[in-house]
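Here is the structure we will look at, set down as structure tokens.
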Amino acid sequence: MVISINSLNEPVGSIRSWLRSDKSEPPPSKWLICDGSTILDESSPYNGLPLPDMRAQSSHQNFVMIIKVK
């Protein structure tokens, strides 16, 4: 059974592992990949803050860490 990450009702700021089908697949809505970039979303309480850089947490390019930003 596959469960949508958005159906889990995670609080903003939650970090989860996510296995995407390929490297070009964008993260689910309300989530960003933890790649060290800056959050540019005025509807997020974290707008203007840097994301944690967790790219080195996995050697598999389709397995990434994501954070809920709104």
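Backbone amide hydrogens, once placed in the peptide plane, bring TRP31 within less than 5 Å of VAL69, excluding anything fewer than 5 places away on its chain.
With 0.36 nm allotted per residue and the present C-alpha distance subtracted, the SER29-ASN47 stretch has 4.9 nm of extension available.
In the context of the full set of protein chains, residues of the range 8-52 present 65 Å² of accessible surface per residue (probe radius 1.4 Å, heavy atoms only). Highest mean packing comes first when the peptides 14-20, 43-49, 27-33 are listed by Cβ atoms within 10 Å, giving 27-33, 14-20, 43-49. Only protein atoms count toward the accessible area here, which uses a 1.4 Å probe; on the range 18-58, the carbon and sulfur part of that area reaches 52 percent.
Between ASN9 and PHE63, the contour length at 0.36 nm per residue exceeds the Cα-Cα span by 17.3 nm.
The values are calculated or read from the model by the stated rules, or taken from the named source; none is laboratory data. None of the values given here were measured: they were computed from a predicted structure. When we count neighbours, we look across all protein chains shown, and the Cβ atoms used for this are built from the backbone with ideal geometry, even at glycine. The accessibility values were calculated without ligands, DNA or RNA, using every heavy atom of the protein model including side chains. Shrake-Rupley method; radii C 1.70, N 1.55, O 1.52, S 1.80 Å.
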